[in-house]
Amino acid sequence: MRPAAPAARLAHLLPRAAWLPWLAFAAVLIMTGVRTAADPLRPSYDDDLMLLATLGMVLWIERAALAASLRSSGDGRPWVGTLLFAAGCLASPAGRFSGSFAIEAWALFLLPAGLVAAFAPREQMRAAWFLAGAGTVVVAIGRIAPAALSSDLAVWLAAASAGLISAVAFPVVAVGVRQYFGPYSTEVTQACAGMNSLFALTALAVLYLREGRRRPFWHILLLVACVIPVAVLSNFLRIVLLVLSTQLIGVRFAQGLFHDTAGFFVFALALALLAGIDSLARRMGAGDAGD
């Protein structure tokens, strides 16, 4: 009985040991949130708040895994958890000192992923991978991709939509991000290119994947890969309709009611397209399983 005593004491202390890194994560999260909310004048303020809100939703979805990590006997995967937690510890100061909130926020996904992997039972590893994967996808597609694509994409969308309208309706000339037709002109801004809605669409796609039925890995990759093309296609249609409504109905309608409400319809269209792709992929998977 005596050799079992140290093991029993260790098992008793492991749930308590998990509290210290979780408290450290909570402190980092609170400081990041307060610092972000205290600077509303920076250009990325809205996106930063949305990123933190997405983190909150992801943590809430995986609340059972988080709770399990606090009461576990330590039968998780400590090496995986240590690597994820260490990556978060490196990314957090790197993002802070470099001024990249995207990297700093990425760390806020990696840290809880590592704690869940290290302390929660092994059946919660899916939650750990979801935390890490959600952060990677949301930051990479929702924050980094728009910064890299916005200017060139706006020029391409202006030229492509002008070419389509010229072929089927009336002449439109694209010069850079501006389009000229009749007595009117429009500008394809970053919002019209779909970059402003890309982050929200990515976040919702990630949450949709987790909350829905289990999907194979190729299915998840397909949906994630379709986020950018779907956002671009939806906003391409928005640009075409904006030009058509300006020419055929009038600039007051196009720049007023249509411009204010089109964003909501485009976002709904993008979600519907993703749902359609998801349904098609499920049928393909069912067909392969049947064969």
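Things to note:
- Yes/no for L269 being within 14 Å of A205 (Cα to Cα), under 18 Å from the mean Cα position of the chain (by Cα) and free of Cβ contacts under 8 Å to residues at least 40 places away in the same chain: yes
- Scanning region 67-88 for residues that are touching a residue at least 60 places away in the same chain (Cβ under 8 Å) and either outside the structural domain of W22 (by TED's automatic domain parsing) or surrounded by 14 or more Cβ atoms within 10 Å (Cβ to Cβ) (or both) yields a total of 2.
- Extreme residue, surrounded by the most Cβ atoms within 10 Å (Cβ to Cβ), among residues of region 187-241 that are of a type in the set (K, R) and either touching a strand residue (DSSP E or B) at 6+ places or on another chain (Cβ under 9 Å) or at pLDDT below 80 (or both): R210
- From the options A154, A147, residue that is within 30 Å of R178 (Cα to Cα), surrounded by fewer than 17 Cβ atoms within 10 Å (Cβ to Cβ) and at pLDDT below 85: A147
- Residue count, region 267-291 (criterion: at pLDDT below 75 and not small (G, A, S)): 3
- Total residues in region 80-97, condition among the aromatic types (F, W, Y) and over 28 Å from Q124 (Cα atoms): 1
- Test: residue in region 89-97 that is surrounded by 22 or more Cβ atoms within 10 Å (Cβ to Cβ), touching a helix residue (DSSP H, G or I) at 6+ places or on another chain (Cβ under 9 Å) and assigned by TED's automatic domain parsing to the domain that holds F130: yes
- Among the conditions (1) at pLDDT 80 or above; (2) among the hydrophobic types (A, V, I, L, M, F, W, C); (3) assigned to a helix (DSSP H, G or I), the only one that A174 does not satisfy is (3).
- Residues that are among the aliphatic types (A, V, I, L, M) and in a helix (DSSP H, G or I), drawn from region 107-126: A107, L108, L110, L111, A113, L115, V116, A117, A118, M125
- Residue within region 246-261 that is outside any helix (DSSP H, G or I), of a type outside the set (S, T, N, Q), touching a strand residue (DSSP E or B) at 6+ places or on another chain (Cβ under 8 Å) and at pLDDT below 80 present: no
- Condition met for R96 (of a type in the set (K, R) and under 15 Å from D48 (Cβ atoms)): yes
- Which listed residue, of G56, G81, G99, is on the phi > 0 side of the Ramachandran plot and not β-branched (V, I, T): G99
The values are calculated or read from the model by the stated rules, or taken from the named source; none is laboratory data. Computed from a prediction, not measured in an experiment: that's the story for all the values here. Note that we place each Cβ from the backbone using ideal geometry, even for glycine, and neighbour counts take in every protein chain shown.
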